[in-house]
Amino acid sequence: MADTNKHVAVLMGGWSSERPVSLKSGTACADALERVGYRVTRVDVQRDIADVLAKLRPDVAFNALHGPYGEDGCIQGVLEILGIPYTHSGVAASALAIDKAKAKAVMKAAGVPVAEHKIVNRFEAAKAHVMKPPYVAKPVREGSSFGVLIVPEDATHPPQQLYSDDWPYGDRIMVERYVPGRELTCAVVGNVALGVIEIISEGHGFYDYDAKYAPGGSRHIIPAEISPFIYQEVQKLTLKAHLALGCAGVSRADFRYDDRLHGTGELICLEVNTQPGMTETSLVPDIAAHAGHSFEELVTWMVEDASCGR
């Protein structure tokens, strides 16, 4: 039951690469919470956020931040210190899940299949192939496909963007075996795995930033048109990854499934997102809608689920 007497601060913006997406997520969630009847304050997060929240003293902080500082345990730690209940995962799970290498180690130990990878310096990866192509080079601690570079099988040299002076994603990158096939994703809401979506990017080589967030950039097919066994396996692995990483509230796991005619048949988990996008083109709202939950019902549940010590 929603307690609409609560004052909800929707945290959005921030200063990561994902600021524009966060502003869209935050605006959509704040609008929905206002429609339900909550008292909502929209907070564009800056580095004085601790002082702002200490003065505002909301009953709940709805975390609509994406990327570093909002998704990596930092804002969660501030909220814990201030004693303000908040949505999504806690400090430890957030810090773990955003580090792709550490998260993969935990998921692999829990029985979730992941692709082989190496962690290298970007200059080393730019000098010569550190893995036989095809592979993917990506930042270790970014989301929304920022900095993701796909190296095809016939590539004669590694991506030279890694040499760039204005590369903003740090010198430590992950080089990961490329897994061909379908792009699948599944959400967990309250420790329950919901439906599985297949994502088809329209006019994009892969599910990049524009495919994720531009209207018409991708199509979401739900339920994904895969065998019942694979569908259930995706759900099982999504929940297993969520629990292994210690996630709370809402999370989303992304997969590749190689069901090509002469493919390997493998199902590989790419990563778990503890702060999934909540825009009009985002996946989690689609998955929730397929399960019979409106956007307003979803964000209301998230507010009522909020707590400290997550």
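General remarks:
- Proximal lysines to residue 55, defined as alpha-carbon separation beneath 20 angstrom and excluding residues fewer than eight positions away on the same chain: 6
- Exposure proxy ranking for 74, 247, based on other Cβ atoms within 10 angstrom of each Cβ and starting from the fewest, stands as 74, 247.
- 0 to 90° range, to nearest 10: angle between helix 100-109 axis and the chain longest Cα axis: 80 degrees
- The relative contact order of segment 7-87 comes to 39 percent, based on Cα pairs under 8 Å that sit 6 or more residues apart.
- Charge dipole of the chain about the Cα centre (unit charges at C-beta), most positive-ward option of 82, 22, 193: 82
- Straight Cα distances below 12 angstrom link residue 24 to the aspartates and glutamates 44, 280, with same-chain residues fewer than 8 positions distant left out.
- Of all aspartates and glutamates in the structure, those lying under 17 Å Cα to Cα from residue 108, and not within fewer than 8 positions of it along the same chain, are 99, 116, 176, 233, 254, 266, 271.
- Applied to segment 64-70, the Karplus parametrisation 6.51 cos²θ - 1.76 cosθ + 1.60 on θ = phi - 60° returns per-residue 3J(HN,Hα) values of 10, 7, 10, x, x, 6, x Hz, with x for Gly and Pro.
- 10 Å-binned pair-distance histogram of the chain (Cα, whole percent): 6, 27, 36, 22, 8, 1, 0
- Gyration tensor (alpha-carbon) shape descriptor, segment 7-87, a/c threshold 1.5: oblate
- Among the GluC sites (Glu not before Pro) in segment 92-191, those placed in a DSSP loop whose Cβ has at most 12 other Cβ atoms within 10 Å are 116, 153.
- Calculated [θ] (222 nm, deg cm²/dmol) that DSSP helices of n ≥ 4 give over the chain, each run adding -39,500 (n - 2.57): -9500 deg cm²/dmol
- For segment 224-278, applying the loop criterion from DSSP together with a ceiling of 13 other beta carbons within 10 Å to the GluC sites (Glu not before Pro) yields 225.
Values in this text are rule-based calculations from the coordinates and carry no lab data. Everything numeric in this text was worked out from a predicted model, so none of it was measured. Virtual Cβ from ideal backbone geometry, glycine too; neighbours counted across all protein chains shown.
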